[in-house]
Amino acid sequence: MKIDQKDLHKPGTDNLPPGVYKEVGPRGGKITGSKEVHIVEGHRLPPTNKAGNKWIKKD
């Protein structure tokens, strides 16, 4: 599956749809030790385990 760059979100981003987000590599690839977070409306994405990693919303 091809990841679209607009689907990747930097840590600290807000105003995203509520839901579960998974940590991925800088270009959307799987990473070892990734974490998942559940954000609610108005909350920001937390920091990632490694600088440069991003978040993607799970389906």
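The values are calculated or read from the model by the stated rules, or taken from the named source; none is laboratory data. Quick caveat: nothing in here was measured; it's all calculated off a predicted structure. Glycine gets a Cβ as well: all are built from the backbone with ideal geometry, and neighbour counts include every protein chain shown. Surface areas here come from the heavy atoms of the whole protein model, side chains and all, with no ligands, DNA or RNA. Shrake-Rupley method; radii C 1.70, N 1.55, O 1.52, S 1.80 Å.
Some points to look at:
- Charge dipole (Cα centre; +1 on Lys/Arg Cβ, -1 on Asp/Glu Cβ; no other charges) of the chain amounts to roughly 260 debye.
- For the chain, the relative contact order comes to 47 percent (Cα pairs under 8 Å, sequence separation of at least 6).
- The residues of the chain have, on average, 73 Å² of accessible surface per residue, using a 1.4 Å probe with all protein chains present.
- Estimated translational D of the range 3-55 in µm²/s (Stokes, Kirkwood radius over Cα pairs; 20 °C; 1.002 mPa s): 194
- Within the accessible area of the chain (1.4 Å probe), percent carbon and sulfur: 51
- Listed residue (G52, P18, Q5) projecting farthest to the positive dipole end of the range 3-55, Cβ model: G52
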